[in-house]
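The values are calculated or read from the model by the stated rules, or taken from the named source; none is laboratory data. Note that the structure is a prediction, hence the values are computed from the model and not measured. Cβ: placed from backbone, ideal geometry, glycine included. Neighbour counts: every protein chain shown. Remember, those area values only see protein heavy atoms, side chains included, never the ligands or the DNA or RNA. Shrake-Rupley method; radii C 1.70, N 1.55, O 1.52, S 1.80 Å.
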Amino acid sequence: MDAAKRSIVRKYGGNPALLSIGTTKTVKELSAGEPSINLLAKVISLNSRELEQDGKTKEIYYGILGDDTGTVPFTAWEVRGLNIQVGDVIRLQNAYTKEFRGEVQVNFGNRATVTVEGGTLLEVASPQEAPLTRRNLDELQEGMRNVRITARVLDIERREVEVRGEPKVVFSGTLADATGKVQFSAWHDFGLEPGEVIEVEGGYVSAWRGLPQLTFDERSRLERGKETALPPLEELDRARRVWIEELVQKGGGVDVQVRGIVVEVREGSGLIHRCPECRRVVQKGACRIHGEVKGETDLRTKAVIDDGSGALTAIFNRELTETLLGKSMDEAIAEAKEAMDSEVIRDALSDLLVARPVQAQGNVTSDDYGLMMIARSVTVLEVDVQAEARALLEELGD
Amino acid sequence: MQRELAWRIFAGEYTDATLEHSSGEERAPNYVITPLGAKVNRLFLVGVITDVEDVGGNGGDGQPMWRVRLTDPTGTFQVYAGQYQPEAAAMLSQVKPPAFAAVMGKARTYSPEDGVIYTSVRPEMVKLVDASLRDYWILETAQEMRKRLEALKEAEAMNPATVDGLVALGYRQGLSEGIVLALQHYGKVDLDRYQSMLHDALRYLLPEFQDGVSAPAAAEKKKKPDTEEERLVLEIVETLDRDGKGASWDEIVDAAGKKGLSKEQLEEITNRLLDDGSLYEPILGKIRRI
Ligand SMILES: [Zn+2]
C-alpha cells in the first residue's frame, strides 16, 4: 500500500492493519444483514444531508454505488475525512448491510475504511444507458437515472462545500410540478432563480429515508421551459394532501400535507429535558452519552396521525406545540410545577388532540419504525361535516 | 415495522364479519376480515356508550372485566376491557352512559361453537368526546366504506380477483388482500345492504333527513321486525335466566326449537334484539334482558 492511501485510511479513522477483514463481494452478491463486507465500487451519486439525531445535528453522506454487477444505495454515517466524489472508484472495507424497504443498503461508519483507488477503471452495469425517460416528480424513485423532468424552482440556496480539499459550490433547494415536490442538488452554477420553469435531462435520483432528491451537474442538459408549462409558484408551493398509504408505498415525501385523526400522543411528548452538550433527550437525569447532566427544558409533541389509510408519527416542535396548547413553554413549566407532575402537559396534549382531526404539513421520512413527519405546520381542523356529507351523498347518486 | 393502521368501520359491517385470518407465520398479527374486505387488526371508533357492566369474576380470578356496548348509526360494537387494559378499564369503570366515546383498539373474535363467530374490540385507548367528533367519525368512516365498496365491485368484475390485480388498480396492499380473502369466504356479498348502510349513516348527519328518526331507529334493518317472534325470544331468555347472570345460548336454542324457531331464525332475531339494546351478552355465550 502506498503512503497516500494509508494517509487516507488513517484520516478516516480505520486501522490499515485491519484492511483484510470481511468478505469481498460484488454488488449483486450483497444480502441484507451482513456485519462486515468489502466492496470495490464506483460512486454513482453522492449527496450530503444534515439530520437531527437525538437533538444533535449530524452530517451524513448518502447515494448510490455501482460495479459491473449492479447498483446499491449507501449511507456513510461518519463524514469526517471522507473525501469521495462522484466518479471515484472506492475500496470500502468493513462496511455492513441492512434491509431498507425491502432492498439491500450498504452502510458504513467509523469502523470502516475507505480508500480511493486512483487510476482504477470500473465499468458500472448499464451506466447512463438507461433510456431518457420523462417523469412526473411524484414518480421519482431512488436509483432512477437519465430522467427528464419539467419543474418550477420553488427555492434555491447556494452552499460552499469542500470536496477533497477543494472548495466547491452546490445549489440546493426544492422543485415542484403539479404532481409533487422533490429536493434537488445542482453541482454546477446554472444561474437558477426561484420561480423559473426548467427542463432537466440526465439527472439521477437518490433518496434519504424515502425523501427523493434529484441531482444534476454540468453533464446534464438544463434549459429554461415555458412559463405556462406549469401552474404558478404560489399554487405549486401549496402542499398537496396525500393519503398516508401513498407515503407508506413511497417511503416518504417532500413537503406533503396529511389530514387525519390523532389516535395517540406518544410518550416523550410534553415537557422534556435535553442534554446541554448534545441535545439528546435526558432520561432520569442522565444523558446516554454524557451521563448525569442538568437537562435543558424543551417542549414537543409526538402525535400518531391516522387517516384511515395508514398512520405516521408527526413531531411538532416547541413553537407548534405552544400554539396548540395556547400557552408558552414557561407557562407550561409553571403548570407542571404547580401540579408537581411533568406529565400534566402530555395529558393536556392528549385531551386536546386525541380523536380530533388535524392537518399537518412537512417532510416525511421512514425508518424501521415506520413513517415520521417533521411538521412545519399543524392545525386542528373544524370540518363542515354536513357539507361534506351532502357532497358525498350527491356523488353516490342520492 | 410499519404501524398497523386504525380502520374506520361501522358496527353494521364489523359485526357481520365471520372470518378471522392470520398469515400463519410466528407472531403474525391476527385480522378480522369484514364482508367488504377490510383486513382489521386495529380499529378506531366513535359512538355512544349505552351500557357498561363488570362481567368479570366468571373467569374465576375475580378481576373486573368491563363489557361496553358502543353504538353508531348502523349497530353496536362490543368492547371488552380487563386487567391487561388497565387504562381503558379504569376509564370505562367511571363512564356514566349514555356518553360519547372514542375507542382505539384491537380486533378480536370469539367463537362459542363451530361456525359461530362474534367480533369484539379490545381497547387500547378510550376517551370521552363530544357529538361533533362522533359526526366527523361517521363522515370519515363513510368515506372509507365507499372506497371498500368500489374496490369490491371492481374485484367482482375481475374474475378471478387477485391481490396483484387490485394493487395494480391502485388499491393498497392490505385492502386488496382483505378483499380477496373476503370473496373466498363470503362469496357474493349483498352490496345493496351495505350501500344502504352507507346512505343511512350519511343521512343521519343531515337535519333534512332527520324527521323523527333517531339513532337506534336508523340502525334498524330494512326488514320490518317480527314483533311476535321477538317477544317470544325475550320471554325465553327471561325464563332461562335463573341466576340473573344470563341464559345460556344452548338452552335458548333448545327452548326456541321447541317453540318452532329454527336456529337461523333465532340467531337473526337475537342479533336484532342485541342491536336495538333489548338484549345483551354479560359474557360471551350468555344472554340477558336489559
Ligand atoms: Zn449528552
### Task
Only loop residues by DSSP count here, and only those with at most 12 other Cβ atoms within 10 Å; note down the chymotrypsin sites (Phe, Trp or Tyr not before Pro) in the range B:63-161 that meet that.
B:TYR84
### Task
Would you calculate, for chain B, the mean residue ellipticity at 222 nm contributed by helices, counting each DSSP H stretch of 4 or more residues as -39,500 (n - 2.57) and dividing by all residues, to the nearest 500?
-12500 deg cm²/dmol
### Task
Name the longest site-free stretch of chain B, where the excluded sites are trypsin sites (Lys or Arg not before Pro) in a DSSP loop with no more than 13 other beta-carbon atoms within 10 Å.
B:28-187
### Query
Starting at 0 and stepping by 10 Å, how many percent of the alpha carbon pairs of the range B:1-205 end up in each bin?
9, 34, 36, 18, 4, 0
### Message
Can you work out the Karplus-derived ³J(HN,Hα) for every residue in the range A:224-234? Use 6.51 cos²θ - 1.76 cosθ + 1.60 with θ = phi - 60°, whole Hz, and x for glycine or proline.
### Response
6, x, 5, 4, 7, 5, 9, x, x, 4, 4
### Message
Report the number of Lys pairs in the range A:226-341 whose alpha-carbons are under 20 Å apart, with separation of 8 or more residues or on distinct chains.
### Response
6
### Task
Per DSSP H run of n ≥ 4, the term is -39500 (n - 2.57); total these for chain A, divide by its residue number, and report the mean residue ellipticity at 222 nm rounded to 500 deg cm²/dmol.
-4500 deg cm²/dmol
### Task
Would you be so kind as to identify which of B:TYR118, B:ALA90, A:TRP208 lies farthest towards the positive end of the dipole of the protein assembly as shown, taking Lys and Arg as +1 and Asp and Glu as -1 on Cβ and the Cα centre as origin?
A:TRP208
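What's the total accessible area buried between chains A and B, using a 1.4 Å probe, rounded to the nearest 100 Å²?
Working: alone 20760 and 14860 Å², together 32500 Å².
What A and B bury together is about 3100 Å².
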### Task
Averaging over all projection directions, find the projected area of the Cα convex hull of the protein assembly as shown and quote it in nm² with one decimal place.
36.8 nm²
### Task
Post the alpha-carbon centroid distance, the range B:9-82 to the range B:108-165, in whole angstrom.
11 Å
### Task
For the pairs B:LYS39/B:LYS147; A:LYS28/A:LYS98; B:LYS153/B:LYS188; B:LYS39/B:LYS153; B:LYS245/B:LYS286; A:LYS98/B:LYS39, note any where the Cα-Cα span goes beyond 19 Å.
A:LYS98/B:LYS39
### Query
What list of ³J(HN,Hα) values in whole Hz, one per residue of the range A:72-82 in order, does the Karplus curve 6.51 cos²θ - 1.76 cosθ + 1.60 (θ = phi - 60°) give from phi, with Gly and Pro shown as x?
8, x, 9, 9, 9, 8, 9, 9, 4, x, 8
### Summary
Heavy-atom accessible area per residue of the protein assembly as shown, all protein chains kept, 1.4 Å probe, expressed in Å², is 47 Å²
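Let me have the relative contact order for chain B, percent, based on Cα pairs under 8 Å that are six or more residues apart.
17 percent
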### Task
Rounded to the nearest 10 degrees, what's the angle between the helix A:385-395 long axis and the longest principal axis of chain A, both from Cα atoms, 0 to 90?
60 degrees
### Task
Partner chain Cβ atoms within 10 Å, averaged over the residues of A:345-357 - can you pull that number for me?
3
#### Entry: Kirkwood-Stokes translational diffusion coefficient of the range B:111-180, alpha-carbon pairs, 10 °C, 1.306 mPa s, µm²/s
106 µm²/s
### Task
Quick one: which residues, 5+ away or cross-chain, put their amide H under 5 Å from the amide H of B:GLU4? H built at 1.01 Å from N.
none
#### Entry: Other protein chain Cβ atoms within 10 Å, averaged over every residue that makes up B:228-237
0
### Task
Compute the Cα gyration tensor for chain A, then decide on rounded, prolate or oblate, letting a ≥ b ≥ c be the square roots of its eigenvalues: rounded whenever a/c is under 1.5, prolate when a/b is larger than b/c in the other cases, and oblate in all that remain.
oblate
### Task
Work out Dmax and Rg for the range A:127-237 from the C-alpha atoms and quote the Rg first, both in angstrom.
13.5, 43
### Query
Which residue fluctuates the most in chain A, going by a Gaussian network model with Cα springs under 10 Å, if the choices are A:VAL354, A:VAL293, A:VAL124?
A:VAL293
### Message
As I understand it, the dipole of the range A:276-397 uses +1 on the Cβ of Lys and Arg and -1 on the Cβ of Asp and Glu, about the Cα centre. Which of A:SER342, A:GLY397, A:THR379 lies farthest toward its positive end?
### Response
A:SER342
### Degrees, to the nearest 10: A:344-353 long Cα axis against longest axis of chain A
80 degrees
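Just the number, please: Stokes-Einstein D of the range A:210-279 in µm²/s, Kirkwood Rh from C-alpha pairs, 25 °C, 0.890 mPa s.
In µm²/s, the coefficient rounds to 144.
Taking the Cα centre as origin and putting +1 on Lys and Arg beta-carbons and -1 on Asp and Glu beta-carbons, what dipole magnitude results for the protein assembly as shown, to the nearest 20 debye?
Its charge dipole is roughly 1940 debye.
If you add up the charges near A:PRO231, with Lys and Arg at +1 and Asp and Glu at -1, over every other residue whose beta carbon is less than 9 angstrom from its beta carbon, what do you get?
Residues close to A:PRO231 contribute a combined charge of -2.
Given charges of +1 on the Cβ of Lys and Arg and -1 on the Cβ of Asp and Glu, with all other atoms neutral, how large is the dipole of chain A about its Cα centre, in debye to the nearest 20?
1580 debye
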### Message
Between 0 and 90 degrees, rounded to the nearest ten: what's the tilt of helix B:131-158 against the longest Cα principal axis of chain B?
### Response
60 degrees
### Query
Per-residue mean of other chain beta-carbon atoms within 10 angstrom of the beta-carbon, peptide A:382-394?
5
